Amino acid sequence: MYILKSKYEVSDFVSMFRSNSKTIGFVPTMGALHKGHIALIYKSLEECDICIASIFVNPTQFNNPDDLEKYPRTEAADFAMLEQAGCHAVFFPSVLEMYPEPDTRVFEFDGLDAVMEGAFRPGHFNGVAQVVSKLFDAVRPNKAFFGQKDFQQLAVIRFITKKYLAELNIEIVACETVRESDGLAMSSRNVRLTPECRHAAADISRILVWVKSHFTSKSVEEIHKFVQTEFAKQPLLHLEYFEIADNDTLTSITEGKILTGRFTACIAAYAGDVRLIDNMPL
């Protein structure tokens, strides 16, 4: 597996295969890899000839400096996992390589950034758009693979790819969330959970499974009440938001009954001091 540290190295690597009509799959990550990331690698290898991953902890998408500082960094283990999975190359740039000068671009998201994560993490999705556009421009893949755990991010990336990066002709492939045996969505942040908080965090997926099982028989108001009651029972968890969002617009459904499956239940919560997100398609 090749470790590429500059955009020029990436361009040369990709050109070598594209000249032979090979398709390029791309898996952007921030490292601290787990089985969920490796599932994306396998999907890329299944659908494309060449798989490139990236590892870059992007500073512009963190609105909390403490969160950026505490984000786990395990590059040696990450490289080993990627190589074992069959990944052909990893783009591992420095901050200076990605941001030789401040990125002042401001993206417009047609309201997709105004709710849920965007409301609680102002500027987050503009930072995501900045780094994804840079990565896409460097790699220029045929397909890029993202996990559905980051439901809102996936919607934002699809939007900017269509609006701002259409000339690159990149297909965005969504991959199912990979979960632990007790249902907890795999996340790089999980390693920061204490044993007690790790046990409590499994309630997040349990609550989402209940919502999926009852959304056609319960009103939205009843569902919200259930979620709030369940979180109140668990002192180690703090609910930041629960929303039932339209899959296309991310508009929140606040009343009545849900009659179709065009929605996703989304949760952000703290387990101790670790912020976790999860969702469940309805």
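The values are calculated or read from the model by the stated rules, or taken from the named source; none is laboratory data. Predicted model only: the values in this text are computed from it and were never measured. Using ideal geometry, Cβ is built from the backbone for each residue, glycine included, and neighbour counts are taken over all protein chains shown.
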- [ ] Kindly check whether there is at least one residue in the range 206-223 that is at pLDDT 95 or above, hydrophobic (A, V, I, L, M, F, W, C) and closer than 29 Å to Lys70 by Cβ.
- [x] yes
- [ ] Mind telling me which of the residues Glu69, Glu75 ends up being surrounded by fewer than 16 Cβ atoms within 10 Å (Cβ to Cβ), over 22 Å from Leu165 (Cα atoms), in contact with a strand residue (DSSP E or B) (Cβ under 7 Å, 6 or more places away or on another chain) and assigned by TED's automatic domain parsing to the domain that holds Val10?
- [x] Glu75
Open item on the list: Need the failing condition index for Arg198 against (1) without any contact (Cβ under 8 Å) to a residue 60 or more places away in the chain; (2) over 18 Å from the mean Cα position of the chain (by Cα), just the number.
Closed with: (1)
Open item on the list: I'd like to check something: does the range 213-224 contain any residue that is surrounded by fewer than 20 Cβ atoms within 10 Å (Cβ to Cβ), in a helix (DSSP H, G or I), without any contact (Cβ under 8 Å) to a residue 12 or more places away in the chain and among the hydroxyl-bearing types (Ser, Thr, Tyr)?
Closed with: yes
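Which of the following residues is at pLDDT 95 or above and surrounded by fewer than 20 Cβ atoms within 10 Å (Cβ to Cβ): Lys143, Lys149? Even if it seems obvious, please write down each step before you answer.
Details: Lys149 fails: surrounded by fewer than 20 Cβ atoms within 10 Å (Cβ to Cβ).
Exactly one of Lys143, Lys149 is at pLDDT 95 or above and surrounded by fewer than 20 Cβ atoms within 10 Å (Cβ to Cβ), namely Lys143.
Mind checking which residues of the range 250-262 are surrounded by fewer than 22 Cβ atoms within 10 Å (Cβ to Cβ) and either closer than 20 Å to Lys149 by Cβ or among the aliphatic types (A, V, I, L, M) (or both)?
Result: Ser252, Ile253, Ile258, Leu259, Gly261, Arg262.
Inside the range 100-119, can you point out the residues that are in a helix (DSSP H, G or I) and hydrophobic (A, V, I, L, M, F, W, C)? Full working, then the answer.
To start, the set of residues in the range 100-119 that are in a helix (DSSP H, G or I) comprises 117-119.
Correct list: Ala119 only.
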Open item on the list: Among the residues of the range 147-155, are any assigned to a helix (DSSP H, G or I) and out of contact with any Leu (no Cβ under 9 Å at 6 or more places or on another chain)?
Closed with: yes
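Could you grab me the full set of residues in the range 120-132 that are assigned to a helix (DSSP H, G or I) and touching a residue at least 40 places away in the same chain (Cβ under 8 Å)? It would help to see each step written out before you state the result.
Filtering the range 120-132 down to residues assigned to a helix (DSSP H, G or I) leaves 120, 124-132.
Phe120, His124, Phe125, Asn126, Gly127, Val128, Gln130, Val131, Val132 - these are the residues of the range 120-132 that are assigned to a helix (DSSP H, G or I) and touching a residue at least 40 places away in the same chain (Cβ under 8 Å).
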Task: Given (1) over 26 Å from Gly183 (Cα atoms); (2) touching a residue at least 60 places away in the same chain (Cβ under 8 Å); (3) over 16 Å from the mean Cα position of the chain (by Cα), number of the condition Gln61 does not satisfy - done: (3)
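Across the range 186-204, which residue is nearest to Ile244 (Cα to Cα) among those that are part of a helix (DSSP H, G or I) and in contact with a Ser or Thr (Cβ under 9 Å, 6 or more places away or on another chain)?
Initially, the range 186-204 is screened for residues part of a helix (DSSP H, G or I), giving 188-192, 195-204.
Still in the list and also in contact with a Ser or Thr (Cβ under 9 Å, 6 or more places away or on another chain): 188, 191.
Values: Ser188: 25, Val191: 28 Å.
Looking at the filtered set, the residue picked out is Ser188.
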